[in-house]
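Here the structure is laid out as structure tokens; the discussion comes afterwards.
The values are calculated or read from the model by the stated rules, or taken from the named source; none is laboratory data. This structure is a prediction, so every number in the text was calculated from the model and none was measured. In this analysis, Cβ positions are derived from the backbone assuming ideal geometry, glycine residues included, and neighbour counts consider all displayed protein chains. To get the accessible areas, we keep the full protein, side chains included, count just its heavy atoms, and leave off ligands, DNA and RNA. Shrake-Rupley method; radii C 1.70, N 1.55, O 1.52, S 1.80 Å.
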Amino acid sequence: RDHNNGSRGALIVLEGLDRSGKSSQCSRLLSYLVGLGHSAELWRFPDRSTGVGKIISSYLSNNSQLDDHTIHMLFSANRWEKRSLMENKLETGTTLIVDRYSYSGVAFSSAKGLHFEWCKAPEIGLLAPDLVVYLDILPEKAAERGGYGGERYEHLEFQKKVARCYQVLRDSSWEIIDACQPIEDVEKQLKGMVLDCVMACQKGKPLSNLWP
Ligand code: FDM
Ligand code: MG
């Protein structure tokens with residue numbers, strides 16, 4: 001524990017479409033928090049380093065085919081296998097900046113037509129984020145940024161469906177940032193939200209489970 005004095009870290013999740021800027025903002029946030037003397041780590045889901053993660057990675061790169069329900073549960077399993085480590089980190093004062101979480105799980109699978117509540121079910125009991133920030137961008141604008149790789153979901157038509165599913169999923173607790181702004185403006189707004197959240201957790205905001 002750094003200057004946290006025994007207080008817990010915050011679970012902060014960034015969500016958004018592909019090319020919304022999540023990964024760049026996550027690394028900026030990490031440097032910012034570490035620079036302030038906080039203990040912080042950058043995590044991402046899927047975590048492709050585990051056994052399950054390798055199956056997911058192969059599926060995403062179109063090197064294997066899986067039934068939609070099956071891959072959905074593997075994405076969830078990939079979060080479950082990290083749950084206890086996640087809880088330990090948070091309890092010992094490390095803040096986690098997480099690039100995608102259960103919301104991606106539900107948005108991407110329900111965009112394929114899977115039942116919404118069925119998609120949410122395997123996430124029950126995972127740690128609930130202290131802050132969810134949605135980097136909001138129109139699918140058309142995100143596509144214009146270029147840089148879609150060749151992965152399975154990186155197509156405009158599918159991203160449009162995912163955007164609609166995120167709309168169904170999002171609630172009043174989410175912070176929404178216009179991701180079409182200059183990168184520094186997005187960063188500035190994010191930093192303010194994240195610092196407030198880290199402080200609230202230090203002051204004793206309890207950890208809870210999905211779905212709140
Ligand atoms: N994705 C990500 C899912 O379909 N379900 C999930 O639970 C998660 C975490 O995987 F298209 C999708 C979202 C994205 C792809 O993510 C890989 P990255 O962030 O592009 O690596
Ligand atoms: Mg991607």
**Study point:** Computed FRET value (nearest 0.05) for Ile183 with Glu157, which takes r as the C-beta separation and R₀ as 30 Å
**Key:** 0.65
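Which peptide among 178-186, 136-144, 16-24 comes first, and what is the full order, when sorted by highest mean count of other Cβ atoms within 10 Å?
On the way: 178-186: 14.2, 136-144: 17.7, 16-24: 21.7.
Descending packing order for the listed peptides: 16-24, 136-144, 178-186.
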Exercise for review: For helix 51-60, report the angle its Cα long axis makes with the longest principal axis of the Cα atoms of the chain; keep it between 0 and 90° and round to the nearest 10°.
Suggested key: 50
Review point. Under a plain spin-label model, where a point goes 7 Å from the Cα along Cα-to-Cβ, how far apart in nm are Lys112 and Ser172?
Key: 3.4
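When the helix-only estimate is applied to the chain (DSSP H runs of n ≥ 4, each -39,500 (n - 2.57), divided by the residue count), what is the mean residue ellipticity at 222 nm, nearest 500 deg cm²/dmol?
Values: 9 runs with 100 residues, N = 212.
Counting only the DSSP helices, I get -14500 deg cm²/dmol.
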Exercise for review: May I ask for the angle, rounded to the nearest 10°, between helix 156-169 and the longest principal axis of the chain, with both axes built from Cα atoms and the value confined to 0 to 90°?
Suggested key: 50
Check your understanding: Across the chain, how large is the tail of the calculated P(r) beyond 32 Å, expressed as a percent of all Cα pairs?
Key -> 14
Review point. For the chain, what is the percent of antiparallel DSSP beta bridges, rounded to the nearest 5?
Key: 5
Check your understanding: What is the set of long-range amide H partners of Ala40 at a cut-off below 5 Å, with H atoms built 1.01 Å from backbone N?
Key -> Thr95
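Once you keep just the Cα pairs under 8 angstrom separated by 6 or more residues, what percentage relative contact order results for region 81-212?
Values: 100 pairs, mean separation 47.1, N = 132.
Taking the mean separation of contacting Cα pairs over the length of region 81-212, I get 36 percent.
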**Study point:** Only Lys, Arg (+1) and Asp, Glu (-1) charged, at Cβ; the chain dipole about Cα centre in debye
**Key:** 280
Revision key, fill the gap. The set of residues whose placed amide H lies less than 5 Å from the amide H of Gly21, leaving out same-chain residues fewer than 5 positions away, is none
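In percent, how large is the relative contact order of region 1-141, given Cα pairs closer than 8 Å and 6 or more residues apart? All intermediate terms of the calculation are to be shown ahead of the outcome.
Numbers: 203 pairs, mean separation 63.1, N = 141.
Worked out over region 1-141, it gives 45 percent.
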Study note, to complete from the structure: Between Leu126 and residues 5 or more places away or on another chain, the pairs with built amide H atoms under 5 Å apart involve Leu210
Practice item. Identify all lysines with a Cα-Cα distance to Lys120 below 24 Å; exclude those on the same chain that are fewer than 8 residues away in sequence. Key: Lys22, Lys54, Lys82, Lys112, Lys160, Lys161
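Give the carbon-plus-sulfur fraction of the accessible surface of the chain in %, rounded to a whole number; probe 1.4 Å, heavy atoms of protein chains only. Spell out each step's value before the answer.
On the way: 5020 of 9620 Å².
Reported share for carbon and sulfur atoms: 52 percent.
Grab the Cα-Cα distance for Lys141 and Leu195, subtract it from 0.36 nm times how many residues apart they are, and report the gain in nm with one decimal.
Numbers: separation 54, 0.36 × 54 = 19.44 nm, distance 2.87 nm.
Here the answer is 16.6 nm.
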Check your understanding: With axes computed from alpha carbons, what is the tilt in degrees of helix 68-80 against the longest principal axis of the chain, rounded to the nearest 10 within 0 to 90?
Key -> 10
